[in-house]
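*Asks:* I am attaching a structure below and will ask some questions about it afterwards.
The values are calculated or read from the model by the stated rules, or taken from the named source; none is laboratory data. Note that the structure is predicted; figures quoted are calculated from it, not measured. Here the Cβ positions follow ideal geometry from the backbone for every residue, glycine too, while neighbour counts run over all protein chains shown. Accessible surface is based on the protein model in full, side chains and every heavy atom, while ligands, DNA and RNA are left aside. Shrake-Rupley method; radii C 1.70, N 1.55, O 1.52, S 1.80 Å.
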Amino acid sequence: GIAQKLCGCGTWGHGLVVTMVVLCGADISGQHETVIPNELPLIQEVTTTLREWSIIWRQLYVQDNREMFRSVRHMIYDLIEWRSQILSGTLPQDELKELKKKVTAKIDYGNRILDLDLVVRDEDGNILDPEQTSTISLFRAHEIASKQVEERLQEEKSQKQNIDINRQAKFAATPSFALFVNLKNVVCKIGEDAEVLMSLYDPLESKFISENYLVRWSSCGLPKDIDRLHNLRAVFTDLGSKDLKREKISFVCQIVRVGRMELRDNNTRKLTSGLRRPFGVAVMDVTDIINGKVDDEDKQHFIPFQKEFPHLVDRSTAVARKMGFPEIIMPGDVRNDIYVTLVQGDFDKGSKTTAKNVEVTVSVYDEDGKRLESVIFPGAGDEAISEYKSVIYYQVKQPRWFETVKVAIPIEDVNRSHLRFTFRHRSSQDSKDKSEKIFALAFVKLMRYDGTTLRDGEHDLIVYKAEAKKLEDASTYLSLPSTKIELEEKGHSATGKSMQNLGSCTISKDSFQISTLVCSTKLTQNVDLLGLLKWRSNTSLLHQNLKQLMKVDGGEVVKFLQDTLDALFNIMMENSESETFDTLVFDALVFIIGLIADRKFQHFNPVLETYIKKHFSATLAYTKLTKVLKTYVDNAEKCGITDQLFKAMKALEYIFKFIVRSRILFNQLYENKGEADFRESLLQLFKSINEMMSSNSDQTVIVKVGAFHISNCREILLPTMTDQLKYHLERQEDLEACCQLLSNILEVLYKKDVGPTQRHVQIIMENLLRTVNRTVISMGRDSELIGSFVACMTAILRQMEDYHYAHLIKTFGKMRSDVDFLMETFIMFKNLIGKNVYPFDWVIMNMMQNKVFLRAINQYADMLNKKFLDQTNFELQLWNNYFHLAVAFLTQESLQLENFSSAKRAKILNKYGDMRRQIGFEIRDMWYNLGQHKIKFIPEMVGPILEMTLIPETELRKATIPIFFDMMQCEFHSTRSFQRFENEIITKLDHEVEGGRGDEQYKVLFDKILLEHCRKHKYLAKSGETFVKLVVRLMERLLDYRTIMHDENKENRMSCTVNVLNFYKEIEREEMYIRYLYKLCDLHKECDNYTEAAYTLLLHAKLLKNSSSCLVKCGNSHGLRFAGDMWEEAIALGKELAEQYENEMFDYEQLSELLRKQAQFYENIVKVIRPKPDYFAVGYYGQGFPTFIRNKVFIYRGKEYERREDFEARLLTQFPNAEKMKTTSPPGDDIKTSSGQYIQCFTVKPKLDLPSKFHRPVSEQIVSFYRVNEVQRFEYSRPVRKGEKNPDNEFANMWIERTIYVTAYKLPGILRWFEVKSVEISPLENAIETMQLTNDKINNMVQQHLNDPNLPINPLSMLLNGIVDPAVMGGFANYEKAFFTEKYMHEHPEDHDKIEKLKDLIAWQIPFLAEGIRIHGEKVTEALRPFHERMEACFRQLKDKVEKQYGARAIVSSLSIMFCLGKRRLREDLVALHKSLPGGDSRGGRALLPGNRDRRRGNGLRLGQGRLRVGSRKNSFMERVVEHWKGLPREVWSAHPCGCPRNEWMWHLFPGLGTGLGLGTAQTQSQKTFPS
């Protein structure tokens, strides 16, 4: 058994150990059809099959599909072994026959599981030849073969699940399951007695589906009934096929504690005991166990119920029935159970301070107030009780119980009984509890006023209050309404808040709900059925009751099948002298038989059979049944009789069974009395039936199979038959019978030995072809008859000769009739081709249908050419339907031979040829036949013709591609352009190629054929060639896109998508461009590239800018939701939206919301630290890469915090066969042209490109965004040696190669990468940049020390010493040797300006160094004084050398500070000072400049409040700046580094300065202050 531990709720870990076994029972056995194939064809089939399977077997091995691989291996080994045995010729005949049967079964089964074609065989097991088999026989053979294979499939499946096959077959006939449960133990420390309730539960429907199995457990951890130890077994019965189809079934165990109110209370003498209190619940999913999907034999078995395993099921085994009827109710299976569920209640606390502890007591009383004893069953395995007490929920105002009990009352007592519910508050203290009395009562009668049983479902009962003694008296309340519905029916309000008095009882405000379910074979809830079952109580209503029976729901009738049949035959027998009710009883009997014949109730057939054999007892019924049936047959032509007769004929089998059984019973009683009369009555009945069949009435269909084989008889019978068939088919009546008759007729007409049939086929064609077509059109694909009718229609067309088709044209009277017929036929064919009615593995049937359809289409095409081509009769829609049908036929899946195995392809070509070529050439001819009408089909027919040309059949392509040129030519002659054709083919080509059609060969053929035609045309040569090249370019991109579309590498898919959308943008196909934009967006979202997805959608937004509403919609959807931290982009789009909201839409509410978001974005920019992604250059080299990345370099934007190692690993995962290059230098042609894959990857640095709006220095927090975003230029530097190494100067030929990568678009963008180009930078430019960086570094460090005297001196010491040291000589000595030579100047005359610039930078390094050494001397300690002196000596040597060669540059420290701070800071300081002086500000000089020495960014001079002091003049502009300026050497101030003339630059910086200082005009002051 299985051990399953189920944990309940709370912190305790408890459970129960159970064994579960699924039981079923049946006694039906079946036989297999014997299949005896001929030897040689079978051996050939086995050989062919083995070859085909071996290919698939190898594929399964490659795909690592181990389970299927092993299955195929076993089948192959079996076939090889059996083939050897057959070829040995040593087997006895009977064994050989059996072996051949096994071989064909194994082949058919293997073909099915491998999705191969279904093999159809004749009665001897040989493969049918479709050419020698009629269409009807072929269809029936397919049905039989499919059914047999399906049965074998189920058998194999059953074996895998360890299910006994024979017993499963029995179960299929009698679907009744039982679940066997063996309770091993309850592992649960409760401390008191308990009830363990087990049941089956459907969690999806939230309802229990079985009774409870109840085990009473003692406090010591053993069953209360110690004799049942190790024998706690139950069977959950009546489970049927519907239960197996439930999505989920749970096994629920509820534990109810029986004892004190609170478990923690220990003073047992004073506490109430015996209270039922909830404790816990455990649940296990048993869906797989019930469905037989658990493989472990110890867990489940399928065994016959109560037969072969008596040790499992004995008298001590509890039987828990399903709460509902089983699917089969056998005669004699009497059941009378009413399930009552306490659902919920709502009880007022009344005078108590807390909610009541409500206990509900359930009991059954009769109308006299007497309690019915032992009629309540709390669960299977427990004895019946008279009172059931509910679980108590402590101080809960609205308890929800959901407790179910079974009430089993003798049938004769039900109409007098009622359920009584009393409510009592239970106290935890025993003394208080004894004083508690019943405080309310509810009741419900089991029988309604009309004699029917209480309805299933929920009942909202009225809660009555009265004195306890009065409540015990049934007469007090039985006359009152029991439910709120009854109360409303009597005119009282059921919703009033105040209590209502009814007699001596008061209706309480409390509420109480129960639900009931009646499972009774004796109690019905249907009034009409009840009237029939109790017909003796009121015979005056018998006529009405018999008629009403036909309206009763079938499910209710079959539940009471035995009682209903007994009632019918009792009525017949007790009125034997009269014929009053005979016809009505007969009709009712036919109704019941017809009901059981219905698919819904067909599993009741054995019930009816059992009733006839064992329970039927009407000995005289045969006379009345025979008489009524004869009356119906004799009056077949009378109006109103036909329908009832037809129903009776359908029920004829069981009517005769009743007749025969009745006569047998009569003979047993009266020893063959009246035998002659019985025989005579039967003879007369058969004569009447024969006369009915011989009648020529329009209401009767005549079939005489033997006579129909004779040609002369057919001449007489066939017109009548076809008229009758047409009559019924047009009215959609008796379709199954009509189909069967038509099939038999066509089957006979196909035979070669039945005489001439041409005339008879013509009759069918004239009378039935169109009717059958319309029947097929009107019939849904889910109809069971659709396959049969299509087979009939196909058979008619197949048996029609050319003569018939020619005659068909003549039979149409009016032109409109022709058109309608052809329209219907074309539409029907197209629907059948597009959605075939036969399974895909019915290849022979499908190919036969295609062959017949092809011939019919070609015949109808001739009709089009002959009757509907001239100008007056041309039918545009008809021709259009023809072309669409023909293309649909050509492109259908079953004709695409390239998708099949070579063996299957060879078979089809050998037997049918390539039907695509046949219909394709026909389409081409029909197109050229159109002549002047062609323009009417452009551009509508471009798509279908394109579909045809894309079929991968070379000859077909060559024949049909020229149609495109014909279309171009036709439109050009009509409109002087072929724009519509061009638009259509581009649009359709996109859909077709994406859908899987088209290849490289098609592109080449399209290019070649159309170019040849265009170049020969006088007017289309140039425009045609342009168009062809355009389409070829599009095809290249679409083919690339399709190739990579299902690739796991989504980045490749993105690249291809961008290629396509850029192409559509280039040719201005906006709708296609947008389509691919959204495909790219979806790909980005799949990869969490939300920034790139937003940029992609913004491209669509730019197309919508002319429409404010569209822009707003797009902006709201995407723009302000820029993923991550792209706040700058969101702000930019937000400004556009704000403009729309403010000035176009006047939506100020949205505007305010938008501005709040923008404010938050600005704050984020300043305050939030954003991660900076790295950028990587990636080169894909080698022919192994796809064309769109082959031998190209891309810049990739890495993910946040992604290292190069991680990025490389991701790349190599996408290309597992690629080899990583170890060098960063560009590879040679040997690598680029190799067949392998080589990836080069290294980190590049983005070059800052600030937007033009930042025309002045800004915060680094703002600039940092642009360092890694909106970048298009990237640099990578690496040392390169050119020429031989110079031992004296290693720098002479050491070059720094700096590659600047410029991407096509800025990053980030619509992709995370873009292709690049590279530029090589010379070493001279690198030297200039290095010198500039060195000078800036010295200057920056000098500024830091000036602003903060407390900075440590060590970094300054290292920097200065590294430059002035004689070994380095300023870092430029090697530059002199490399670039300042006559040789270099001669070889590179274009570098003259650059060399001068380098010399200037060398010269300017000296004053910067001088300032640094001065500061160093001021701050150096005595210990480092020798070091400083040595450094000064080195500097003097360096200075002399530089000034001698490149001239002197001079600058004082204060001015250099001013220059380095730049325009902005100087202007701020001076303006602030200007405002503080008299006349410069309204405050009249009260504002003073604080003495802040910190000159870093943001720490400029600020205004402060204070008193003007006498010594403040030293802070004035004249003292701080101008006076120092006077003392500067001429060459310093004349250098005007700001780019303005020396007498103007300061005034440009500070307009109005002269007025504020009282210095006169700028010009005057300039002359005074700055002497020349």
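*Asks:* Once you list every other residue whose beta carbon is under 11 Å from the beta carbon of residue 646, what net charge do they have if Lys and Arg are +1 and Asp and Glu are -1? Working shown, then result.
*Replies:* Details: positive: 647, 650; negative: 643, 733, 734.
In short, -1.
*Asks:* Okay, next question. Given the pairs 1172/1245; 270/349; 102/911; 630/650; 1065/1306, which are separated by over 20 angstrom at their Cα positions? Present the calculation step by step, with values, prior to reporting the outcome.
*Replies:* Values: 1172/1245 12 Å; 270/349 24 Å; 102/911 29 Å; 630/650 15 Å; 1065/1306 18 Å.
From 1172/1245; 270/349; 102/911; 630/650; 1065/1306, over 20 Å: 270/349; 102/911.
*Asks:* Given a 1.4 angstrom probe, I'd like the percentage of the accessible area of the stretch 330-447 that is carbon and sulfur, rounded to a whole number.
*Replies:* Values: 2240 of 4920 Å².
The value for the stretch 330-447 is 45 percent carbon and sulfur by accessible area.
*Asks:* Here is a follow-up. Consider all pairwise Cα distances in the stretch 1332-1441 and report the whole-number % of them above 21 Å.
*Replies:* On the way: 2471 of 5995 pairs.
So the pairs more than 21 Å apart make up 41 percent of the total in the stretch 1332-1441.
*Asks:* For residue 177, list long-range residues whose amide hydrogen, built 1.01 Å from N in the peptide plane, is under 5 Å from its own amide hydrogen.
*Replies:* 238, 239, 240
*Asks:* What order, most packed first, do the peptides 941-947, 1020-1026, 1215-1221 have when packing is the mean number of other Cβ atoms within 10 Å of each residue? Show your work: numbers first, answer last.
*Replies:* Details: 941-947: 21.3, 1020-1026: 15.4, 1215-1221: 13.4.
Averaged packing, sorted descending, gives the order 941-947, 1020-1026, 1215-1221.
*Asks:* What order do you get for 733-739, 1223-1229 when each peptide is scored by the mean count of other beta carbon atoms within 10 Å, highest first? Before the final figure, lay out the partial values.
*Replies:* Details: 733-739: 17.1, 1223-1229: 11.4.
Put in order of decreasing packing, that is 733-739, 1223-1229.
*Asks:* Which whole-number value in Å² is the accessible area per residue of the stretch 1395-1435, probe 1.4 Å? Spell out each step's value before the answer.
*Replies:* Values: 1830 Å² over 41 residues.
So the stretch 1395-1435 comes to 45 Å² accessible per residue, rounded to a whole number.
*Asks:* Measuring with a 1.4 Å probe in the full set of protein chains, what accessible area per residue, in whole Å², belongs to the stretch 1034-1081? Mind dumping the intermediate values first?
*Replies:* Values: 2030 Å² over 48 residues.
Each residue of the stretch 1034-1081 exposes 42 Å² on average to a 1.4 Å probe.
*Asks:* For residue 428, what accessible area in Å² do you get when you roll a 1.4 Å probe over the heavy atoms of the protein chains, rounding to the nearest 10?
*Replies:* My reading of the accessible area for residue 428 is about 30 Å².
*Asks:* Around residue 514, which amide H atoms from residues at least 5 apart in sequence, or from another chain, sit under 5 Å from its own amide H, with H modelled in the peptide plane?
*Replies:* Long-range HN contacts for residue 514: 343, 459, 461.
*Asks:* Considering amide H positions built from the backbone, and no H for Pro or chain starts, which residues 5 or more places from residue 617, or on another chain, come under 5 Å of its amide H?
*Replies:* none
*Asks:* Let me ask something else. Hey, could you pull the Cα Rg and Dmax for the stretch 362-464, both in Å?
*Replies:* For the stretch 362-464, the Cα radius of gyration and maximum Cα-Cα distance read 15.2, 48 Å.
*Asks:* Sticking with this structure for a sec: Compute and list, largest first, the equivalent-ellipsoid semi-axes of the stretch 628-688 from the alpha carbon gyration tensor, each √(5λ) rounded to a whole angstrom.
*Replies:* On the way: eigenvalues 137, 35, 10 Å².
Over the Cα atoms of the stretch 628-688, the semi-axes work out to 26, 13, 7 Å.
*Asks:* Cβ neighbours within 10 Å, averaged per peptide: list 106-118, 249-261 in order, most packed at the top. Don't skip to the answer; put the middle values down first.
*Replies:* Details: 106-118: 18.4, 249-261: 20.9.
Packing order, densest peptide first, comes out as 249-261, 106-118.
*Asks:* Can you tell me the accessible area per residue over the stretch 412-455, all protein chains present, probe 1.4 angstrom, in square angstrom?
*Replies:* Numbers: 1930 Å² over 44 residues.
About 44 Å² of surface per residue is accessible.
*Asks:* Using the Cα centre of the stretch 1150-1304 as origin and beta-carbon charges of +1 (Lys, Arg) and -1 (Asp, Glu), tell me which of 1225, 1159, 1258 is placed farthest towards the positive end of the dipole.
*Replies:* So the residue we want is 1159.
*Asks:* Across the stretch 1199-1205, in residue order, what do the Karplus-derived ³J(HN,Hα) couplings come to in whole Hz, using 6.51 cos²θ - 1.76 cosθ + 1.60 with θ = phi - 60° and x for Gly and Pro?
*Replies:* 7, 4, 6, 8, 7, 4, 4
*Asks:* What list of ³J(HN,Hα) couplings, whole Hz, do you get for the stretch 644-660 from phi and the Karplus terms 6.51, -1.76, 1.60, once you set θ to phi - 60° and write x for glycine and proline?
*Replies:* With the stated coefficients, the stretch 644-660 comes to 5, 5, 4, 5, 5, 5, 5, 8, 4, 4, 6, 4, 5, 5, 5, 4, 5 Hz.
*Asks:* Let me ask something additional. Once phi is turned into ³J(HN,Hα) by the Karplus curve 6.51 cos²θ - 1.76 cosθ + 1.60 with θ = phi - 60°, what whole-Hz value does each residue of the stretch 460-466 show in order, with x for glycine and proline?
*Replies:* Coupling constants for the stretch 460-466: 8, 7, 7, 9, 9, 10, 6 Hz.
*Asks:* Also, quick follow-up: Which residue, chosen from 799, 769, 748, occupies the Cα position most advanced towards the positive end of the dipole of the stretch 723-799, where the dipole is computed from +1 (Lys, Arg) and -1 (Asp, Glu) charges on Cβ about the Cα centre?
*Replies:* 799
*Asks:* Applying 1/(1 + (r/R0)^6) with R0 = 25 Å to the Cβ-Cβ distance of residue 1043 and residue 1209, what FRET efficiency is obtained, to the nearest 0.05? If you can, show how the numbers build up before the last one.
*Replies:* Values: r = 25 Å, r/R0 = 1.02.
Calculated transfer efficiency: 0.50.
*Asks:* Separate question: Lys and Arg at +1, Asp and Glu at -1: add these up for the other residues within a Cβ distance under 14 Å of residue 133 and post the number. Show your work: numbers first, answer last.
*Replies:* Working: positive: 121, 140, 751, 752, 798, 851, 911; negative: 122, 123, 124, 129, 131, 143, 747.
Counting the neighbours of residue 133, the net charge comes to 0.
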